[in-house]
Amino acid sequence: PLSGEIPAHIGGTTLFGDNVEDEWFIVYLVREITREFPGLAARIDDNDGEFLLIEAADFLPKWLNPENSENRVFFYKGELHIIPPSETPEQDCEPCAPCPTIPEALALLAARSEDFLAAEPIRAAVNKRIEGYPEKIQSSLHRARCCVPAGVAAVLRRRPSLVAAAVQAFYLREPGDLRACRRPFRTFPAEQRVMALVTFTRCLYAQLVQQKFVPDRRSGYTLPVPSHPQYKAYELGMKLAHGFEMLCSKSSQVSPNSKRNVLSGPLWERFLMSLKEKDYFKGELEGSAKYSELLHMAEDFFQHSVATPESSVEVSPGDEILALLQTTPIDLKEFEREADCLPPEDDDSWLDITPDALEQMLKEARSESLPSSKEEEQKYDLEAVAESMKAFVSKVSTHEGAEMPWSSDESHVTFDVDSFTKALDRILGADPEELDSDDLDEEEEFGFSDEDDEDLDAGDERQDQKVSPGELIGSLKSYMNEMDRELAQTNVGKSFTTRRKGASSVKAASSESADPDSGAEDPELAPVDVDMNLVANLLESYSAQAGLAGPTSNLLQSMGVYLPENTDHSGSSSRAAQ
């Protein structure tokens, strides 16, 4: 919608970086705000779009997709609401329906929000992601001792949130950013270092600790030997000091060219448009000396009166740090006294994750419950595997992919015999003139001789006669039976498990393994046990994955089928299927 159609609102943008947990903390705050103020409605998205729907993707209605989800997902009265395309959710929803405008969506929420309450599984998926707050906030923080310059300690005492900007500046640095660190530091010299307790988020602490960095000798930051008891504190303080120094080197007070960034925002554009409407330039041509003089006066006024830390314009972290240093007294003796009685730092053993802990985290993430005893494995019904695969192949796929059969009560695929026979008649009864270039290429590729052409001509004369669908089907069956008899004596035919008349699949499999050549003595070929072969091949493929992700487990899990762990590694897939 156009900006004029959006009602009065409060908005904001947060750069959460690599810490996705910060994003979900904002979701928690937005939900609680709408619960505290029932008249408010809120929507939230990120660079992936409607990430709330992505979290609950397994439970979304079929009509909802990224193209029609704009202005449909809201938090209202502390609950998640989804506005369908139709006015009443009971009607059929069209996936191509246009997205509502924000005023239309707000009017629907105010009129009958209870009709648009998201389904329970969708709300449960989102609420599970943000459960544990606000208590979870403290567990996501980490306090560590750092030997930092006194100026950094003074700035963090006044504005602890600036540690995030410093860590990001160090972690995402470019070669050009280190120019200010290849000489003695101007803002944070290494001679005035003190010990302080700095509070990070766990993500920031991990980024700072895990990245290896050797300081330039000209910077003045030297580190003790790694065996020193305070080596980690010195290393963390050195990295923080580099981050703060790089931020200050980019400040507009240090680099005059960067102050032009203030004049490239939408606020300056509106200010300049307002001056032109009020005839501030008095008809002077753009680019003339008088016009440039008036423009410079307007720029200076805008920078001094609008682009201040107290205004709504975003201020760079470097400008904020320098402003705090000018107004904050630094007492080295006081910092030294505080260093003698610092509280202990937090344990960072959470950085090391064992394979068992990682496996448990993955299981919790996908809400998977695997059987833990042999009794549960014995009770596992392998018929569910075969039935799920049959339902999957019976589905009709589209350009968006294949639909997974979540329920078994859906209608089965119907087979139209007349349409099938007519299609075969068109294919097998085609005139030779209708062959396309691909058929001619195949003829040349296989090198058909003139004798083959004579046979084809004789066949064309026979095709002139009308062949009934019944005769055509019978002829195809005879060809297929002949092919089955030939393949039955090969390794391909012997690789399949067959079903004997009056015998179960298990007995058929055992009898065939005892006498693999018995099929040649039977006047009639035994039918292949499709279910047995399907399950045996799936279990063999699943066993070959060795507990890792693979095509079998991914396909079955997407259909809601979870196989137990393979505890009998020495057994064959056939014995597992039995």
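The values are calculated or read from the model by the stated rules, or taken from the named source; none is laboratory data. All figures in this text were calculated on a predicted structure; none of them were measured in a lab. A quick note on method: Cβ atoms are made from the backbone with ideal geometry, for glycine too, and the neighbour counts reach across all protein chains shown. Accessible surface is based on the protein model in full, side chains and every heavy atom, while ligands, DNA and RNA are left aside. Shrake-Rupley method; radii C 1.70, N 1.55, O 1.52, S 1.80 Å.
I'm checking my understanding of the structure. Among residues of the range 13-33 that are of a type in the set (Val, Ile, Thr) and over 17 Å from Glu131 (Cβ atoms), which one is most open to solvent (accessible area, probe 1.4 Å)? Restricting to residues being of a type in the set (Val, Ile, Thr) and over 17 Å from Glu131 (Cβ atoms), the top hit is Thr13. For the residues Phe200, Phe188, Phe244, Phe213, the requirement of being part of a loop (DSSP other than H, G, I, E, B), in contact (Cβ under 8 Å) with a residue 24 or more places away in the chain and open to solvent by less than 10 Å² (accessible area, probe 1.4 Å) singles out Phe188. When the range 78-100 is limited to residues that are modelled with pLDDT of 80 or more and open to solvent by 30 Å² or more (accessible area, probe 1.4 Å), the one that is farthest from Arg43 (Cα to Cα) turns out to be Pro85.
Per this entry, Ile10 is not counted among residues that are of a type in the set (Val, Ile, Thr), surrounded by 15 or more Cβ atoms within 10 Å (Cβ to Cβ) and not in a strand (DSSP E or B). Scanning the range 256-263 turns up no residue that is open to solvent by 30 Å² or more (accessible area, probe 1.4 Å) and either touching an Asp or Glu at 6+ places or on another chain (Cβ under 8 Å) or modelled with pLDDT of 90 or more (or both). The criterion of at least 1 residues that are polar (S, T, N, Q) and modelled with pLDDT of 65 or more is met, among helices (runs of 4 or more DSSP H) falling completely within the range 298-391, by 317-327, 355-365. Considering the range 113-129, and only residues there that are in a helix (DSSP H, G or I), among the small types (Gly, Ala, Ser) and modelled with pLDDT of 90 or more, the residue that is farthest from Ala56 (Cα to Cα) turns out to be Ala124.
Kindly provide the set of residues from the range 130-142 that are open to solvent by less than 70 Å² (accessible area, probe 1.4 Å), part of a helix (DSSP H, G or I) and not β-branched (Val, Ile, Thr), ordered by number. Lys136, Ser139, listed by residue number. Only one of the listed residues (Val535, Val561) is open to solvent by less than 20 Å² (accessible area, probe 1.4 Å), modelled with pLDDT under 70 and either in a helix (DSSP H, G or I) or closer than 11 Å to Ala386 by Cβ (or both). That residue is Val561.
Selection of first residues in the range 527-556 that are on the phi > 0 side of the Ramachandran plot and of second residues that are modelled with pLDDT under 75 and open to solvent by less than 70 Å² (accessible area, probe 1.4 Å), restricted to Cβ pairs under 8 Å at least 6 apart or on distinct chains, gives the following pairs, ordered by first then second residue: Gly547/Asn566.
One residue stands out among those in the range 264-297 that are surrounded by 10 or more Cβ atoms within 10 Å (Cβ to Cβ) and touching a helix residue (DSSP H, G or I) at 6+ places or on another chain (Cβ under 8 Å): the one that is modelled with the lowest pLDDT, which is Trp268. Answer yes or no as to whether Leu156 is in the same structural domain as Asp45 (by the TED database) and either open to solvent by 50 Å² or more (accessible area, probe 1.4 Å) or not in a loop (DSSP other than H, G, I, E, B) (or both). No: the conditions fail for Leu156. Just one of the listed residues (Val225, Val194) is surrounded by fewer than 17 Cβ atoms within 10 Å (Cβ to Cβ), of a type in the set (A, V, I, L, M) and in the same structural domain as Glu336 (by the TED database), namely Val225. Would you be able to tell me the number of residues in the range 40-68 that are under 17 Å from Ala119 (Cα atoms) and acidic (Asp, Glu)? Within the range 40-68, residues that are under 17 Å from Ala119 (Cα atoms) and acidic (Asp, Glu) number 3.
When you look at Ala164, is it part of a helix (DSSP H, G or I), within 23 Å of Pro215 (Cβ to Cβ) and either among the acidic types (Asp, Glu) or out of contact with any strand residue (DSSP E or B) (no Cβ under 6 Å at 6 or more places or on another chain) (or both), yes or no? Spelling it out, Ala164 is indeed part of a helix (DSSP H, G or I), within 23 Å of Pro215 (Cβ to Cβ) and either among the acidic types (Asp, Glu) or out of contact with any strand residue (DSSP E or B) (no Cβ under 6 Å at 6 or more places or on another chain) (or both).
Among residues of the range 34-56 being open to solvent by 60 Å² or more (accessible area, probe 1.4 Å) and over 15 Å from Leu109 (Cβ atoms), the one that is farthest from the chain's Cα centre (by Cα) is Glu36.
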